[in-house]
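Working notes, beginning with the structure itself.
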Amino acid sequence: MIVVTDDKGISKIKESLSSSSASFKRISLYGKTVFLTWGDEIKAPQNAISVKGDGAPVLSTRSWKSDNTVVEVGGVPIGSNDVVIAAGPCAVESEEQFREVARGVARNGSAILRGGAFKPRTSPYSFQGLGVEGIRIMHDVSEELGVPIVTEIMDAETLRECRDMIDMVQIGSRNAQNFTLLQKVGRSGKPVLLKNGMGNTVNEWLNSSEYLLSEGNENVVLCYRGVKSFENSVRFSFDAGSLTRVKRLSHLPLAADPSHPAGDSDLVESIALAAVAAGADMLEIEVHPDPPSAKSDSAQQLTLEQFRITSERIQRLASALGRGVWKP
């Protein structure tokens, strides 16, 4: 059972808990007190929001928080009227490579730097990333340019070791339902970019965000990267309707990753523009100084010049929709 209340209702909930055998956890979320209970049902005070745990997401939905949540990452607001662009290479391959890309994308509209230090690949023989050294490279370049970073971590040990070097923790599609990891990342309080699992429904995706929110982490951004389907003309099917639906269901900021569903650099711009039209608050785009030589996902990464053109078109579309693209 989930009970959301104000300060006046806390004492009444405590009374109900003391007279029952229910187990509970108390968290503070978006200025409200939330009691999560298991076992016996408790009596919720009048005017409190109470929901029985029937498997439907609650904390991520507008049923108890109608206004949009804004998540700040290194001073960059995600979820405001402006679209935020995060760009960088699929994988950090060297300090020189990341610095070149970072400077180029920051000059052309990217407010956040993205890059992969750990690359969970289908084949164990593919390039797996530079690991912690890759995060150190990203951190050093971030400090140099004054631009925050987002990168994926794979386990709690890396989170502990690299916590202070990462501005936003990415949970990739393969870990979208790694609930133990989600809970530990939730407890860290770090901003989180949560991708949908490649076979997840919207309900399953939102429930993954509940694992983060139920640990008291208010800084969650959902990121849609498409799903696997029977269609094979693109790498993953990108359903813009799902984006619109999630915007109506959830108060959380919504990002989109156009690179992975495209699988082809020629398609990235169109998918990015479709995401903005569908209401995305943020875009995560892969860029490489020489895509053919990239050690991972070479086909879908934009050149720096392609990114410049795409960024300009994103700005024009955002302006036509009464929005902007966030700049420092």
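Of the residues making up the stretch 182-203, those that are part of a helix (DSSP H, G or I) and surrounded by 15 or more Cβ atoms within 10 Å (Cβ to Cβ) are Leu182, Gln183, Lys184, Val185, Gly186, Ser188, Val202. The residues of the stretch 87-115 that are assigned to a strand (DSSP E or B) and either modelled with pLDDT under 95 or of a type in the set (Gly, Ala, Ser) (or both), listed by number, are Ala87, Gly88. Screening the candidates Gly241, Gly189, Gly199 for the property of being more than 24 Å from Val84 (Cβ to Cβ), assigned by TED's automatic domain parsing to the domain that holds Val287 and modelled with pLDDT under 95 yields one hit, Gly199. The condition of being surrounded by fewer than 19 Cβ atoms within 10 Å (Cβ to Cβ), assigned to a helix (DSSP H, G or I) and in the same structural domain as Gln315 (by TED's automatic domain parsing) holds for only one of Pro261, Pro292, that being Pro292. When the residues of the stretch 103-128 are narrowed to those that are free of Cβ contacts under 8 Å to residues at least 40 places away in the same chain and more than 17 Å from Leu193 (Cβ to Cβ), which ends up farthest from the chain's Cα centre (by Cα)? Among residues in the stretch 103-128 that are free of Cβ contacts under 8 Å to residues at least 40 places away in the same chain and more than 17 Å from Leu193 (Cβ to Cβ), the one farthest from the chain's Cα centre (by Cα) is Tyr125. In the stretch 165-188, the residues that are touching a residue at least 60 places away in the same chain (Cβ under 8 Å) and within 10 Å of Glu152 (Cβ to Cβ) never reach a residue that is in a helix (DSSP H, G or I) and among the hydroxyl-bearing types (Ser, Thr, Tyr) with C-beta atoms less than 9 angstrom apart, at least six apart or across chains. Restricting attention to the stretch 15-33 and to residues that are surrounded by 14 or more Cβ atoms within 10 Å (Cβ to Cβ) and either touching a Cys at 6+ places or on another chain (Cβ under 6 Å) or charged (D, E, K, R) (or both), the residue that is farthest from Asn68 (Cα to Cα) turns out to be Arg26. Restricting Phe179, Phe230 to residues that are closer than 26 Å to Gly31 by Cα and either surrounded by fewer than 18 Cβ atoms within 10 Å (Cβ to Cβ) or within 15 Å of the chain's Cα centre (by Cα) (or both) narrows the list to Phe179.
Restricting attention to the stretch 222-252, the residues that are in a helix (DSSP H, G or I) and under 19 Å from Gly172 (Cβ atoms) total 3.
Each row is one residue, and each column tells you yes or no for (1) in the same structural domain as Ala117 (by TED's automatic domain parsing); (2) in a strand (DSSP E or B); (3) among the hydroxyl-bearing types (Ser, Thr, Tyr).
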site: Ile10; (1), (2), (3): no, no, no
site: Lys14; (1), (2), (3): no, no, no
site: Ser21; (1), (2), (3): no, no, yes
site: Phe35; (1), (2), (3): no, yes, no
site: Glu41; (1), (2), (3): no, no, no
site: Asn47; (1), (2), (3): no, no, no
site: Leu59; (1), (2), (3): no, no, no
site: Ser63; (1), (2), (3): no, no, yes
site: Ile85; (1), (2), (3): yes, yes, no
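Ser208 passes every criterion in (1) over 19 Å from Ile78 (Cα atoms); (2) polar (S, T, N, Q); (3) not in a helix (DSSP H, G or I) apart from (3). For Gln315, the conditions (1) in a loop (DSSP other than H, G, I, E, B); (2) under 14 Å from Ser110 (Cβ atoms) all hold with the exception of (1).
The values are calculated or read from the model by the stated rules, or taken from the named source; none is laboratory data. Since we're looking at a predicted model, the values are computed, not measured. Here the Cβ is made from the backbone with ideal geometry for all residues, glycine too, and neighbour counts use every protein chain on show.
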